């Protein structure tokens with residue numbers, strides 16, 4: 001059922017450092033079963049810890065799609081990359097990419113893909129005609145992380161909770177709404193590229209009727225308090241009609257991401273605003289916990305901070321990536 | 001500076017009734033100086049009260065663009081219409097349309113437009129690469145109507161207030177964000193067709209720096225409480241960074257438009273939600289009045305209702321189309 005055929009060979013190219021391979025790391029961390037190996041070019045400074053493979057070796061190991069797991073420099077697909085991508089198509093791989101510059105805009109890749117019958121997946125571009133949202137109540141349950149800012153750990157929160165639920169044998173699906181999430185799971189909605197009128201409908205489409213005890217963990221985007229992207233967040237809240245909200249926060253930001261004149265809201269302000277809006281679509285919605293991204297804090301500092309948040313908010317608080325998502329899943333199970 | 005060259009000849013086609021000519025009526029009501037006449041086909045049941053003209057007569061009267069001022073039946077541009085549209089291109093008219101099915105998707109129109117050097121304006125489709133919103137404070141003032149529901153009179157509220165301000169010699173511009181508004185004024189942003197990430201940026205682009213005593217009247221869209229379109233409304237609130245909000249309401253609705261399971265919010269609920277969100281982008285934002293669409297009420301009933309709203313909300317309330325926008329402009333002038 002996946003939009004992108006798995007398993008993958010992860011293309012790390014000539015990544016200048018480990019950070020540039022963020023997408024490949026995400027796949028390795030969250031869906032290791034989806035990746036048979038990594039492909040590194042000369043000078044590559046990233047290593048996600050998978051077996052280095054040639055294209056032929058990866059095909060023999062069963063890989064179906066070469067996923068570009070690395071950011072490119074200057075928004076250009078270099079001739080060195082191009083050589084590998086063309087060879088991969090010739091070897092029988094589909095290609096998948098979340099790059100800003102699209103595979104489909106490269107005439108040579110398009111020509112070779114057509115000649116070989118392979119697919120080019122640009123996950124930044126919607127490939128579905130989404131409906132207008134109808135707001136009808138759907139079966140099953142949905143959880144959404146809403147942030148005090150962009151890029152505070154909403155995707156990792158959803159992935160951690162999904163992982164913990166599956167380990168417990170609970171029914172759970174991560175629902176990707178961004179490029180990295182889509183490449184990790186092979187499917188999803190590239191919400192920031194959807195036409196305005198269809199945003200909420202695309203989220204309804206992504207999170208359909210399901211078993212009563214099944215949870216969708218919808219990947220959050222933007223923030224209600226981030227003026228550039230708040231409309232996207234709103235569509236997630238109303239299209240996703242969440243039963244549970246998790247408040248996501250990164251405590252060391254000096255201002256809103258990309259907006260030096262704007263400060264992050266407090267967690268109580270986020271709670272009140274998000275809950276009031278969510279209850280328009282689902283009057284039973286509850287805020288069930290707080291997810292704090294403590295990556296810039298020492299362990300003692302992080303634990304003290306989480307304890308203080310629990311006392312202030314009267315909600316379980318954790319850094320799910322660092323300390324596990326158990327508290328949040330316990331709270332979900334009680335909904 | 002207009003995207004669409006004025007003045008217009010208004011094409012009413014074979015409109016089955018007056019309602020079908022909504023766009024033409026809007027142009028006639030709000031920018032009569034933009035229309036030299038109307039073009040009606042045999043069997044047309046609409047009449048906006050302009051002189052009936054042939055294409056040649058309209059060209060001689062100075063018309064530059066044939067505007068499709070009527071909804072088509074079944075989403076198809078009929079052969080009868082096509083004949084007129086092709087002749088209009090041949091006569092030297094540009095064409096402008098807000099229809100769902102696009103002029104640019106009609107091969108014959110495209111071919112004739114290319115051969116004659118004329119333009120096809122599909123105002124449903126953005127023609128600008130809008131920026132990501134930067135949230136920076138802009139000079140000048142902005143007013144936005146936010147509704148308890150979709151289609152409650154937000155565009156008419158903005159047009160009425162703009163009209164009243166211009167009559168008083170105040171600096172004012174109506175900023176269109178929908179198809180009808182764009183055709184009325186010849187310019188604007190078709191917000192519901194903008195890509196999610198660029199919605200708020202397109203509203204910033206539409207309402208740039210201006211004189212300190214100049215007001216933009218931004219055409220509202222959707223509703224914060226309408227789950228299908230709330231993301232678009234949010235982008236208007238954060239991209240427009242309004243100094244003043246007007247609450248728009250239609251009191252006779254039985255449920256939210258198109259959503260039988262959803263009820264309209266109360267005016268206090270709308271006020272509190274919209275104001276809290278607007279103050280993220282503009283802490284000085286105020287709610288300055290209430291605009292009620294009383295078209296389904298008798299005059300006495302309407303006046304009594306408005307008086308009750310004024311008492312309940314402690315804000316000026318009017319139906320600006322029926323009773324004038326004076327009260328709302330008085331309140332704006334005091335901001």
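The values are calculated or read from the model by the stated rules, or taken from the named source; none is laboratory data. Since the model is a prediction, treat every value here as computed from it, not as a measurement. Cβ placement follows ideal geometry from the backbone for every residue including glycine, while neighbour counts extend to all protein chains displayed.
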Please specify each residue of the stretch B:200-228 satisfying the condition of being touching a residue at least 60 places away in the same chain (Cβ under 8 Å) and part of a helix (DSSP H, G or I).
B:200, B:201, B:202, B:203, B:204, B:205
Working only within the stretch A:31-44, note down all residues that are touching a helix residue (DSSP H, G or I) at 6+ places or on another chain (Cβ under 7 Å) and surrounded by fewer than 20 Cβ atoms within 10 Å (Cβ to Cβ).
A:31, A:37, A:41
Among residues of the stretch A:287-312 being in contact with a strand residue (DSSP E or B) (Cβ under 6 Å, 6 or more places away or on another chain) and either surrounded by fewer than 18 Cβ atoms within 10 Å (Cβ to Cβ) or within 21 Å of residue A:236 (Cα to Cα) (or both), the residue nearest to the other protein chains (Cβ to nearest Cβ) is A:287
The number of residues in the stretch B:120-152 that are in contact with a strand residue (DSSP E or B) (Cβ under 6 Å, 6 or more places away or on another chain) and part of a loop (DSSP other than H, G, I, E, B) is 5
Let me confirm something: among A:91, A:57, A:106, A:127, which residue is exposed (fewer than 15 other Cβ atoms within 10 Å of the Cβ) and either at pLDDT 95 or above or closer than 30 Å to residue A:196 by Cβ (or both)?
A:127
Checking the condition under 21 Å from the mean Cα position of the chain (by Cα) and without any contact (Cβ under 8 Å) to a residue 24 or more places away in the chain, which residue from B:28, B:83, B:22 passes?
B:28
Can you find even one residue in the stretch B:238-245 that is at negative phi, free of Cβ contacts under 8 Å to residues at least 60 places away in the same chain and in the same structural domain as residue B:297 (by the TED database)?
no
Quick test of your reading of the structure: residue A:279 fulfils all but one of (1) surrounded by fewer than 18 Cβ atoms within 10 Å (Cβ to Cβ); (2) more than 22 Å from residue B:239 (Cα to Cα); (3) at the interface with chain B (Cβ under 9 Å from one of its Cβ atoms). Name the failing condition by number.
(3)
When you look at residue B:187, is it more than 16 Å from residue B:332 (Cβ to Cβ), within 14 Å of chain A (Cβ to nearest Cβ) and not in a helix (DSSP H, G or I), yes or no?
no
What residue, among those in the stretch B:234-277 that are in contact with a strand residue (DSSP E or B) (Cβ under 8 Å, 6 or more places away or on another chain) and part of a strand (DSSP E or B), is farthest from residue A:278 (Cα to Cα)?
B:244
